[in-house]
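Structure first, then comments.
The values are calculated or read from the model by the stated rules, or taken from the named source; none is laboratory data. Remember, it's a predicted structure, so these values are computed and weren't measured experimentally. Neighbour counts are summed over all protein chains in view; Cβ atoms, including those assigned to glycine, are modelled from backbone coordinates with ideal geometry. Heads up: the accessible areas ignore ligands, DNA and RNA and are worked out on the full protein's heavy atoms, side chains in. Shrake-Rupley method; radii C 1.70, N 1.55, O 1.52, S 1.80 Å.
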Amino acid sequence: KHIKKISSCDSTNFDVIISLMHWVTKLHVFLTCYCEKKLTDEVKMISYKFVPSLPHIIDQSHKSNDTTLQLVTLEFTHMVIQVISSHKQYSAMTTSLRRIGEIVINNRIIHNNEQLQLKILSLLILVQTVKQIDILVQVFDNLHTSLKIDMTREFFIMYGGMSILLSHLRTENYLVCGCVLNIVLSLTDESSVLACHFIPVLCTEQSVTLILSILKNAKDIRLLEKLSIILHRLSKLKCYSFFTNKSTLIGTIRNVIETHNDL
């Protein structure tokens, strides 16, 4: 109830709220990474109550020029978006999520090349909150450029970036799908020392099924080329899910060849 009135609170209350956000974020990391558990329903409800006020909190933290404060705010925002993504009231929060994306863009946090951790966090938040295709494509292009160095890739791994990325791997929009595949190809390049952290995510049954689905429905030859490279990398790793789907893969490839021969 009081969290929604944060815009009128004094600096002391603001500090208390930031401390609470920091505590919830650390609790989430501890439970998921070390205990393989999830936040309790009570803590989740606290997180949900923050959502309407997050645009203002992000804006205030950015204006403070305190990078620690900005990091706490963005980490909490990123965590909350992950938690509410499967919540039954997620659709009711879309306005607040869209506003979060607008605040991040307006404050130009994604252009902060000195604070790479803040930049990667901001880009991942935008990937999950922006719905406008042209802006989303720009975000993916920015992310692709930012992930060319190992330090940003480490932050990307830390914040579960690969799973977020794959959630956009759909054929509804070939432009976005192409951007995602460009990043996946870059991250799984065998010359990269961190490729071993990204490729296993593609080896899950869910990911392989998703790739096969796109391969089956894609009409753009450029998407097919990118998908073929990814599948080749998976085959070299003897990915279990890849081989359990081998018959489906062969049938899909045969259909793709027949389709393009008929064009």
Checklist outcome for this item: When the range 175-199 is checked residue by residue, the ones that are over 18 Å from the mean Cα position of the chain (by Cα) and in a helix (DSSP H, G or I) are 196
Checklist entry - Does the range 1-59 hold any residues that are modelled with pLDDT of 80 or more, among the β-branched types (Val, Ile, Thr) and under 26 Å from residue 98 (Cβ atoms), and which are they? => result 17, 18, 24, 25, 51, 57, 58
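Restricting the range 171-221 to residues that are acidic (Asp, Glu) and touching a Phe, Trp or Tyr at 6+ places or on another chain (Cβ under 9 Å), which is modelled with the highest pLDDT?
From the range 171-221, those acidic (Asp, Glu) are 172, 189-190, 205, 220; that's our starting set.
Then drop every residue that is not touching a Phe, Trp or Tyr at 6+ places or on another chain (Cβ under 9 Å), which leaves 205, 220.
Numbers: 205: 77, 220: 82.
The selected residue is 220.
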Checklist entry - Does the range 146-155 contain at least one residue that is among the aromatic types (Phe, Trp, Tyr), touching a His at 6+ places or on another chain (Cβ under 7 Å) and under 19 Å from residue 25 (Cα atoms)? => result no
Checklist entry - Among the residues of the range 222-237, is any open to solvent by less than 10 Å² (accessible area, probe 1.4 Å), farther than 12 Å from residue 188 by Cα and either among the charged types (D, E, K, R) or at pLDDT below 85 (or both)? => result no
Checklist outcome for this item: Turns out the helices (runs of 4 or more DSSP H) fully within the range 90-167 with at least 1 residues that are more than 15 Å from the chain's Cα centre (by Cα), farther than 21 Å from residue 61 by Cβ and modelled with pLDDT of 90 or more are 133-146, 150-158
Next on the checklist: Any residue at all in the range 110-132 that's surrounded by fewer than 15 Cβ atoms within 10 Å (Cβ to Cβ), in contact with a helix residue (DSSP H, G or I) (Cβ under 7 Å, 6 or more places away or on another chain), aliphatic (A, V, I, L, M) and over 19 Å from residue 72 (Cα atoms)?
Outcome noted: no
Item to check | Where a residue in the range 27-56 is closer than 22 Å to residue 70 by Cα and open to solvent by less than 60 Å² (accessible area, probe 1.4 Å) and its partner, wherever it lies, is among the small types (Gly, Ala, Ser) and modelled with pLDDT of 80 or more, with Cβ under 6 Å and at least six apart | outcome: 51/96
